[in-house]
1. Please arrange Tyr130, Tyr81 by counting, for each residue, the other beta carbons lying within 10 Å of its beta carbon, fewest first.
2. Only Cα pairs within less than 10 Å get springs; with that Gaussian network setup on the chain, which residue of Leu54, Leu32, Leu109 has the largest fluctuation?
3. I need the calculated FRET efficiency for the pair Asp157 and Ala96, taking r as the beta carbon distance and R₀ as 22 Å, to the nearest 0.05.
4. Obtain the nm distance between the two label points defined at Ala117 and Ser35 by a simple spin-label model: each point lies 7 Å from its Cα along the Cα-to-C-beta direction.
5. Name all residues of the stretch 96-117 having a backbone nitrogen under 16 Å from the label point set 7 Å from the Cα of Arg150 along its Cα→Cβ direction, giving them as ranges.
6. What length, rounded to one decimal in nm, is gained on full extension from Thr19 through to Asp66, with 0.36 nm per residue of separation minus their alpha-carbon distance?
7. Label point 7 Å out from Ser142 along Cα-to-Cβ: which residues of the stretch 22-62 have amide N under 18 Å?
8. Note down the relative contact order for the chain as a percent, whole number, built from C-alpha pairs under 8 angstrom at least six residues apart.
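Throughout, read-outs are computed from the coordinates displayed, never taken from laboratory work. Note that this is a predicted model, so its numbers are computed, not measured. Positions of Cβ are backbone-derived with ideal geometry, glycine not excepted, and every protein chain shown enters the neighbour counts.
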Amino acid sequence: MTPIFRRAVTLIEAVAAVTVLAIIVPPTVSMLVTSANGRADSVMIARASALADLVLEHVLADSCSDAPGLGFDALSDPDAYLETTTTGLYDRLSAACSPYANVGLSFSLEISGLVSATGEVTGDAGEDVYRVVTVIVRTPMSSADPLSIRVSSVLCDLS
């Protein structure tokens, strides 16, 4: 073979290789980006779950506490229980929740009035001895709109 023919074959091979790469690389990169977004979303959901657990555990501990301003009866005034400066749940949890807030997570709490074991108000003081506490955690998602995760627990007065 002559040297010119060898160069032509090399040029054809190079064009074929570039064409194949141009066809294969974009879908591969797209798949990697989708996978990375899915992984990031999974991590954020795990963080949101951990934050909800942290908050719910504190509420449970508070509802069983005999410390002044705490206990099951403190939940009867959610605004005071949550918002009171320095002693409210939001202030007491601020240090523990700051790593979650730093990555964009936030939470709020809903505390129901007294309900029965079925979750409904019966008007019977002997049956309406429970409260439903719901933690709503909002988390940013890389591949979709922000997600709100709701975790609820039913508490009762054990004293």
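1. Working: Tyr130 19, Tyr81 22.
Ordered by Cβ neighbours within 10 Å, fewest first: Tyr130, Tyr81.
2. The residue with the greatest mean-square fluctuation here is Leu32.
3. Details: r = 26 Å, r/R0 = 1.16.
Plugging the Cβ-Cβ distance into 1/(1 + (r/R0)^6) gives 0.30.
4. Label-label distance for Ala117 and Ser35, simple model: 5.1 nm.
5. 107-113, by backbone N distance to the label point.
6. On the way: separation 47, 0.36 × 47 = 16.92 nm, distance 7.37 nm.
Gain on stretching Thr19 to Asp66: 9.6 nm.
7. 27-49
8. On the way: 178 pairs, mean separation 32.5, N = 159.
Relative CO of the chain lands at 20 percent.
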